[in-house]
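Structure first, commentary second.
The values are calculated or read from the model by the stated rules, or taken from the named source; none is laboratory data. Not measured: the values here are computed from a predicted model. Virtual Cβ from ideal backbone geometry, glycine too; neighbours counted across all protein chains shown. Side chains included, ligands, DNA and RNA excluded: accessible areas come from the protein's heavy atoms. Shrake-Rupley method; radii C 1.70, N 1.55, O 1.52, S 1.80 Å.
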Amino acid sequence: MALQLSLSNPPSLRSSSAGSSALSVASSSSSSSVFSPPSRPLKSVSIAGRAPRSGAAGVVRCSVETAIAEVGQVTEVNKDSFWPIVRSAGDKTVVLDMYTQWCGPCKVMAPKYQELSEKYSDVLFLKLDCNQDNKPLAKELGLKVVPTFKILKDNKVVKEVTGAKLDNLVLAIDAVRSS
């Protein structure tokens, strides 16, 4: 199932004038729903399911202009793209890796996190660099140590794993998937 988030009135979102606009979520298996746009509008957000490609590795970055998150890979998010992607995930499980560039345990977990994204075809894996730019979101999510893994379901954090504890992360993901 693919979800596509699109603008209902792009010209008014690009202009500085206040206009009535909304984002709509279209799904191949359900009717559309509408919610308010983020403070800085995205041109598009989509969540697409696909089988992992053999040998595919790396992180896909998403920006304010276009945010695309796919199951089977890790998507780098920021304070502006995180919540729209989580909302568009619907009832899918979302795992967020909150890390920093200077953190040794974060670097150790990165390839293992990538492997998990390829293993779980029904889970969306995101990464958030908790740098100064993303500090408001890190604070909102209650970050205290890195790495921290937040597991979300239905737009809510339901589990948290702190530290480079792969076994605990796998158990937490399995628990949320089965609930």
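Summary table
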read-out: Net charge over other residues, Cβ less than 15 angstrom from the Cβ of C106 (K, R count +1; D, E count -1); value: +3
read-out: Region 96-149: relative contact order in percent, alpha carbon pairs under 8 Å with at least 6 residues between; value: 62
read-out: Set of lysines with alpha-carbon distance to K79 below 23 Å, sequence-local pairs under 8 removed; value: K43, K92, K107, K127, K135, K139, K144, K150, K153, K156, K159
read-out: In order through region 124-133: 3J(HN,Hα) via Karplus (6.51 cos²θ - 1.76 cosθ + 1.60), integer Hz, x for Gly, Pro; value: 9, 10, 10, 10, 10, 6, 7, 7, 4, 4
read-out: Counted charge near T93, where neighbours are those whose Cβ lies closer than 12 Å (Asp, Glu -1; Lys, Arg +1); value: +2
read-out: Sulfur and carbon atoms: percent of accessible area, region 114-154 [1.4 Å]; value: 47
read-out: Gain in span if fully extended, S178 to D154, counting 0.36 nm per residue against the direct Cα distance; value: 7.3 nm
read-out: Net length gained if the chain between W102 and W83 were fully extended (0.36 nm per residue, minus Cα distance); value: 4.3 nm
